[in-house]
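Every read-out reported here was derived from the displayed coordinates using simple, explicitly stated rules and does not represent laboratory data. Everything numeric here is computed off the predicted structure, so don't read it as measured data. Neighbour counts are summed over all protein chains in view; Cβ atoms, including those assigned to glycine, are modelled from backbone coordinates with ideal geometry.
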Amino acid sequence: MVKICCIGAGYVGGPTMAVIALKCPSIEVAVVDISAPRIAAWNSDQLPIYEPGIDEIVKQCRGKNLFFSTAVEKHVSEADIIFVSVNTPTKTQGLGAGKAADLTYWESAARMIADVSKSNKIVVEKSTVPVKTAEAIEKILTHNSKGIKYQILSNPEFLAEGTAIEDLFSPDRVLIGGRETPDGQKATQALKEVYAHWVPEDRIIITNLWSAELSKLAANAFLAQRISSVNAMSALCEATGANISEVAHAVGKDTRIGPKFLNASVGFGGSCFQKDILNLVYICECNGLTEVANYWKQVIKVNDYQKNRFVNRVVSSMFNTVSGKKIAILGFAFKKDTGDTRETPAIDVCKGLLGDKAQLSIYDLQVTEDQIRRELSMKKFDWDHPIHLQLMSPAAVKEVSVVWDAYEATNGAHGICILTEWDEFKTLDYKKIFDNMQKPAFLFDGRNVVDVEKLREIGFIVYSIGKPLDAWLKDMPAMA
Ligand SMILES: NC(=O)c1ccc[n+]([C@@H]2O[C@H](COP(=O)([O-])OP(=O)(O)OC[C@H]3O[C@@H](n4cnc5c(N)ncnc54)[C@H](O)[C@@H]3O)[C@@H](O)[C@H]2O)c1
């Protein structure tokens, strides 16, 4: 029986391995992690991540050919194929701080593999890593090899949170990069056979190692760039009276461009886009490609601009101050159908409003109070480390309350900010909400989920990103 071990039981390691176990009953899959609470949660009825469809798969496979364990060394030493899916945060100190990827967790995983291995291994980079990481990992492994042979493969993950299971069931592509030597090709073939259990052959792309590593960074940079492009247009729409939904629809009809990923919003978030672009920028700079680096940097700058613009719009519309005013925050996760809050634009928007002394009442369908408070008290980039290394008792921000109901959050509020596109926010009883708010009642839709005209009829002053402004907002232009 082929044995797979995955180091890192996170948003990638958990779902990816669960799907491999489901689709490959002949393979034994162990997912290991240094975080005991995370492993305990994977072994319980309350899984550590919210992802549609994951519960059923884990229930079906757990204890049969899918195991979650903290016995990292045991499972690594027994495995034929080892996936490494640990955190690769942005460095906060030293050379490349604020841009370069911090490979501490990756390196310690590689050293541990070298320490405990007694047989040949295929080591698969599942984490997103800088191009050329495989070379460094290879050096660590082979310098400590005791005669054991290692083949390093790059197999970046393209799943999107919220649709991870769908994405894993029918991926657009599976990318495998390996050495172009006979042993490298053998390893590539072995990994390809795992995916071939359910992925059609023409969707499995084989490349060299560096192309695979770089393709992941490039794909995320292109995706984020698309969001920044439409968001940049949304600012121009507001200035000119054009409507971003109409513009995006017209643009997306061009088959060369396509309709997906053209929704204007308060900005992109999630654990990957910003981190991976910064990493790309750093690699460009290290290679002397300043213009290329500056080009990609701009994608992040526009994202920051969009979040700032949103906060400025809220404050300026509400008579230039939100001091002491209750603002309801609907949605904190970085997108719908996930409880993930890493780099969510809600953090910067909330911090911006708190900076103007607002009282926030936050409601999200999947995010806990502890998680929200942790995010609001964490420093930039500190979030992407194993949870047991993070601040355990976040300082309570007294201007923030977290509630479990949209009506409670909005009760008595001066304004509402919609920051996640949860379906529930489309169907709330906005008449009831309006009746219970201070007047004038403001609604700032950062995800374009509400029916603007209907809400204006109810009496709301509505701001919806990239949509024609109502008279009130025109009179109170937001400073950029
Ligand atoms: N989240 C996504 O949507 C996504 C998509 C594609 C790629 N990625 C990449 O995949 C990687 C993992 O991301 P994630 O979202 O799953 O992160 P995560 O924080 O959810 O999970 C990483 C896990 O690794 C564990 N870990 C760290 N060092 C370890 C070690 N030495 N031994 C054992 N366990 C260790 C941590 O405790 C944590 O549970 C990152 O490089 C990320 O960029 C993420």
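What's the angle, to the nearest 10 degrees (0 to 90), between helix 273-286's Cα axis and the longest principal axis of the chain?
Approximately 60 degrees, to the nearest 10.
Multiplying the sequence separation of R256 and K474 by 0.36 nm and subtracting their Cα-Cα distance, what value in nm do you get?
On the way: separation 218, 0.36 × 218 = 78.48 nm, distance 3.53 nm.
Between R256 and K474, full extension yields an extra 74.9 nm.
Taking H placed 1.01 Å from N in the peptide plane, check which residues at least 5 places from I416 or on another chain put their amide H under 5 Å from its amide H.
Those qualifying (amide H under 5 Å, at least 5 residues apart or on another chain) are A328, F442, L443, F444.
What are the residues whose amide H is under 5 Å from the amide H of V31, where those residues sit 5 or more places off or on another chain and H is modelled from the backbone?
C6, F67, F68, S69
Amide H of S464 versus every other amide H placed in the peptide plane: which residues, excluding those fewer than 5 positions away on the same chain, fall under 5 Å?
Long-range HN contacts for S464: D445.
Report the label-to-label distance for K139 and T70 in nanometres (one decimal), using points 7 Å from each Cα along the Cα→Cβ vector.
So the label points at K139 and T70 sit 3.4 nm apart.
I'd like the antiparallel share, as a percent to the nearest 5, of DSSP beta bridges with both residues in the chain. Before the final figure, lay out each step's value.
Working: 2 of 52 bridges.
So the antiparallel bridges amount to about 5 percent of the total.
With a cap of 14 neighbouring Cβ atoms within 10 Å, and only residues DSSP puts in a loop, list the trypsin sites (Lys or Arg not before Pro) found in the range 310-374. Present the calculation step by step, with values, prior to reporting the outcome.
Details: sites: R313, K325, K326, K335, K336, R342, K351, K357, R373, R374; in loops: K325, K335, K336, R342, K357.
Passing both the DSSP loop test and the Cβ count: K357.
HN-Hα J couplings of the range 28-35 from phi, Karplus 6.51/-1.76/1.60, θ = phi - 60°, integer Hz, Gly and Pro as x?
Along the range 28-35, the couplings run 9, 10, 10, 10, 10, 7, 7, 8 Hz.
Based on the mean of other beta carbon atoms within 10 Å per residue, what is the order of 8-17, 131-140, 246-255, most packed first?
Details: 8-17: 25.2, 131-140: 17.9, 246-255: 13.1.
The peptides rank, most packed first, as 8-17, 131-140, 246-255.
From the backbone phi of the range 360-370, what are the Karplus-calculated ³J(HN,Hα) couplings (6.51 cos²θ - 1.76 cosθ + 1.60, θ = phi - 60°) in whole Hz, Gly and Pro given as x?
Each residue's phi maps through the Karplus curve to give 9, 10, 9, 10, 9, 6, 10, 9, 7, 4, 4 Hz.
Which whole-number percent is the relative contact order of the chain (Cα, under 8 Å, 6+ apart)? Write out the running numbers ahead of the final one.
Working: 934 pairs, mean separation 62.1, N = 480.
Reported as a whole number, the value is 13 percent.
Hey, rough spin-label estimate for E56 and W198, points 7 angstrom out along Cα→Cβ, what's it come to in nanometres?
1.1
Find the relative contact order for the range 2-199 and round it to a whole percent, using C-alpha pairs within less than 8 Å whose residues are 6+ positions apart.
On the way: 349 pairs, mean separation 40.9, N = 198.
Contact order relative to length: 21 percent.
For the range 68-84, in order, what is each residue's ³J(HN,Hα) by Karplus, 6.51 cos²θ - 1.76 cosθ + 1.60 with θ = phi - 60°, in whole Hz (x at glycine and Pro)?
Once θ is set to phi - 60°, the couplings for the range 68-84 become 10, 8, 9, 7, 4, 5, 4, 5, 5, 5, 8, 7, 8, 10, 10, 8, 10 Hz.
Please give the FRET efficiency for N411 paired with V2, using the beta carbon to beta carbon distance and R0 = 45 Å, rounded to the nearest 0.05. Write down the numbers at each step before the final one.
Working: r = 56 Å, r/R0 = 1.25.
Working from the Cβ atoms, E equals 0.20.
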